[in-house]
Every structure is written in structure tokens, then in C-alpha cells.
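Here the structure is laid out as C-alpha cells; the discussion comes afterwards.
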Amino acid sequence: MSKIIETLKKYHWDTPVIIAVSGGIDSVVLLDALYQSHPQQTIVIAHVNYHLRAESDGDAAFVAQLAEKYQAQLVIKDFHNQASSGIEGRARDFRYKFFEELAQQYHSQTVLVAHHADDQVETILLNLIRGGQLNQLTGMSAVRDKVLRPFLNYYRQDLFDYAQEHHLSWREDETNFDPSYTARNAIRQNILPALSALNSGAKRHILDFANQIARQEQLMNQQIQLFLPQLEEDWTKVPEDWLNPTLKRWLTDKGFYRVKNQQLIAIDHLLKNRQKPSGYIDLGGDWQFHKIYQKICLKKKAKKPKKPQENLSVMLELNQWNFLTDKPLCWSNQQPEGYEHVIKLPGLPGVNHLFLRPFRSADRLVIKGGSKAVRRVLIDAKIPLENRHHALVLTANDNKILGLRLPNGKWQMSQDSSAQANQDSTWLVW
Ligand SMILES: Nc1ncnc2c1ncn2[C@@H]1O[C@H](COP(=O)(O)OP(=O)(O)OP(=O)(O)O)[C@@H](O)[C@H]1O
């Protein structure tokens, strides 16, 4: 019995099985071998008529004949291309979406496609020259969701031999032979033959490398799984060499499959930059990667925050409640009782009003033995960059800063030793 049939016999599928048949030699061989190896299996043939070549309708008619020959059900879906570029990708997406719909409709867990070892080598080389992530060099997976590729260990020649031996006929796609048509064709027609002339084992060696990479990836993944919880809890706990691969996995787990190398490098720089305890990197779309001290997270790009007008200050009048902050705030000269939060202010003789306004870059708080820039206070209090503009300073007149209200609602007061708390004391309450 043919090795190919033996290979298929090893699979046990629930019925029905969906098989993607283009009418080309690969899928014709797969269909025949499926039929021979699983004679009791209910087979559903899925075919997409792309209407891209003059022969497209002929292909569909040929596939209909195959359905009769193998007593299979047949579903043909028409693809009407409206775009002028990116047809290949669009056609592929359309095809896999169609397969998934069919699988649901027929309650099937299995969609067979006939990619073989030569397709795999071409895919690996294509990915290699396009650039991207190392794991793309492992090529197509033998199983992904419901899609199964049982021929990845067989070369085109093996399928050709099978077709000859079993007197099969198939449709030829002339565009497959035109190297100017796609990069894949150029690899198939020119580059792989040239590589094989240099070393007859070239294709096998490329596949071997891909398998080794896949195994390394597996090992890396096992280790990365252990680091993922640490990354979320406190990224500085992840050993430096593992940070980048763990981040990559974290991003893909969150649905970011197409993060570019440049972006990963930028993220790496941001994390290691001690001068910048918080910051972000654009990931494309509306998303950003954020570092906030030891935490990392993904955030939707904030709509440009309205920068508070720096000169906008709110006057606090004695014993009047003010609603500028999330909890109403009052400056009072009456001994406060029963308030959750009270701050005692030094006597301010002759002062009838206080002001609350967004901080300015030159603002400084008085501390023991000197002063400290409000900007620095915010950094030391680990207020993320994007929240800092919510900080408010309390002033008696424009220059004398009594205190700072942090965006997290906490206060830091100036420690002005010249100002005595006395019977003229006032209080801030909220
Ligand atoms: N028109 C089609 N209708 C149904 N199945 C198809 C069609 N074209 C291709 N397939 C399935 O996809 C397999 C791969 O086909 P082919 O190598 O032509 O596609 P490709 O465009 O290189 O594929 P991919 O984009 O999936 O790598 C075929 O063996 C077949 O199982």
C-alpha cells in the first residue's frame, strides 16, 4: 500500500471531514488518499472559485466531477475581488473563513488542506526574506485549530508519483509557473532549484532547521510561561535576558501578533531607561505599551488630554465649599470636627483668599532645609507622567505655595518654619 495512504490511515476523525480541493495535483492526491484510507468517511469538498483566471470555472466544474467520483458533498463559494492589490492575502483570508464557516455548519472538527514539504520550504524562505519574528521560520503548523496538513512530510514529487501510480488527473495552474507572478513562484522556479543544485539536500536541511527552531521555541515557551506572572506583577523581577521573549509572548497573548522588531527594541529601551520611570511606546492602531514604574500595561491611546490652562486658578473663600476636586473641599477658620480629612494650615495674617491652580514648572515646595520642585515631588510620589497635569497647588498669593494636591488625592504641604500655627490657624477639610 502506498505510504501516503498509510499515513492517512493513522488519523481517526469524527465524521464528516472537510477537504479543501482546488483541483490541483496536491489536493486531488489528498482527496484520493482520503477516500482510499477512510472509505466510510463522509467527505465534504470545499472549493473556492476565485474567478481570477479564465480557467476558474473549468476548475470548479472539474472539482464537481471529483465530488461525484468520490461520492462527496460539494460546497463551492465564489470570491469576487474588488481590490486591486493584496489579492493573495485577501483570497487566503476568504478561503480560511469559508472553511471555518463550513466546519461550523457541518459540525466538523477537521479541515484538510494539501500543503506539502515543498510549500513548507517556500514559506520558510519567504518568511526569511520578508523579515519578522524567528518563530515564523518554523513555517506552517501541521495542526492549527481545525485545519490539518497531513502532507507536510511529503514532497511535490511524492504526490506526483502517487498521482501517476493511481492514474489521477488534475488541473494545472499556469500562474504557478510564472516566476514574475509572485515571490513564491520565483522561489519555486529559480531559487530552490539553484539551492538544490549546490546541495541536493538543501530543502531537507531547511526543514530540519525549521524543526530545530520549533523545538527551541517549545523549550523557550515552557520557561516563558513561568515568567509571565512575574512580568505582570513586577517586570523588574524577570531576569534581563528573558525580558524580551517574555514580553513578546505577553503581547501575543493579548492579541498583538504583529509587533515589529523596532517596537520591541523601543520597549526594551524604555524598560531599561532608569531616567524614565514611566513612559510609553506606540504599538500601532490606537494602542500603547506603558511602563509605570514596576508595572506594565496596554492602554488605548488617550484622546489628547485637555491641558489645564496654567493660569486657571480657583479662588477658595473662607468657609465656602469648593467642587473643583472629586471630593468637595473647604478652607475653614472654624475648628473642624467630624471630617474625614483635615490639614492644619499655618496662620496667614491678612490673607482672605487662597487659590488652587494647576502646577507650573517653576513651582517649588518648601521642605526642611530648602525647597523641592513640584515636578520632582510628583516623580518621587510615582505619579505617572500622563496624570501629572492633574496636580494642583494651593497658594496664598501666586508665589507662596502652601501645599500640593497630588492626582491621587493626597496632599504634601510646604514646611515653612517661619509660618507658625497659632490662633490664626485655618484648616483644609474634605
Ligand atoms: N480554490 C481553492 N479552493 C479550495 N481549496 C483550495 C483552493 N486553493 C487552494 N486550496 C487549498 O489550499 C492548499 C494550498 O494551496 P496553494 O498552495 O495553492 O495555496 P497558497 O495560496 O499557496 O496557500 P496558502 O496561502 O494557504 O499558503 C491546497 O492544497 C488546497 O488544499
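The values are calculated or read from the model by the stated rules, or taken from the named source; none is laboratory data. Worth saying up front: this structure is predicted, and the values here are computed from it rather than measured. Please note: Cβ atoms are built from the backbone with ideal geometry, for glycine as well, and neighbour counts cover all protein chains shown.
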Within the stretch 178-203, considering residues that are within 33 Å of the chain's Cα centre (by Cα) and not in a helix (DSSP H, G or I), the one nearest to residue 88 (Cα to Cα): 182
Output the residue which, of all residues in the stretch 112-137 that are within 9 Å of the ligand (Cβ to nearest atom) and buried (at least 21 other Cβ atoms within 10 Å of the Cβ), is nearest to residue 9 (Cα to Cα). 112
Subset tally (residues that are within 13 Å of the ligand (Cβ to nearest atom) and either touching a helix residue (DSSP H, G or I) at 6+ places or on another chain (Cβ under 7 Å) or of a type in the set (Ser, Thr, Tyr) (or both)) for the stretch 82-104: 1
List every residue pair whose Cβ atoms sit under 7 Å apart, with the two residues 6 or more apart in sequence or on different chains, where the first one lies in the stretch 1-28 and is within 18 Å of residue 66 (Cα to Cα) and among the acidic types (Asp, Glu) and the second, anywhere, is modelled with pLDDT under 95 and within 16 Å of the ligand (Cβ to nearest atom). none
Residue list for the stretch 335-369, filter: touching a residue at least 60 places away in the same chain (Cβ under 8 Å) and in a loop (DSSP other than H, G, I, E, B): 335, 336, 339, 340, 341, 346, 347, 348, 349
Enumerate the pairs (first residue in the stretch 171-194 and on the phi > 0 side of the Ramachandran plot and assigned by TED's automatic domain parsing to the domain that holds residue 66; second residue anywhere and in a helix (DSSP H, G or I) and within 14 Å of the ligand (Cβ to nearest atom)) with beta-carbon separation below 6 Å, excluding pairs fewer than 6 apart on the same chain, so at least 6 apart or on different chains. none
Please go through the stretch 17-42 and pick out each residue that is away from the ligand (no atom under 13 Å from the Cβ) and closer than 16 Å to residue 108 by Cα. 38, 40, 41, 42
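For every residue, the table says whether it meets (1) assigned to a helix (DSSP H, G or I); (2) modelled with pLDDT under 95; (3) under 30 Å from residue 263 (Cα atoms).
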site: 109; (1), (2), (3): no, no, no
site: 120; (1), (2), (3): yes, no, yes
site: 123; (1), (2), (3): yes, no, yes
site: 137; (1), (2), (3): yes, no, yes
site: 157; (1), (2), (3): yes, no, no
Mind checking whether some residue in the stretch 6-16 is more than 20 Å from residue 115 (Cα to Cα), of a type in the set (Ser, Thr, Tyr), more than 15 Å from the ligand (Cβ to nearest atom) and under 38 Å from the mean Cα position of the chain (by Cα)? yes
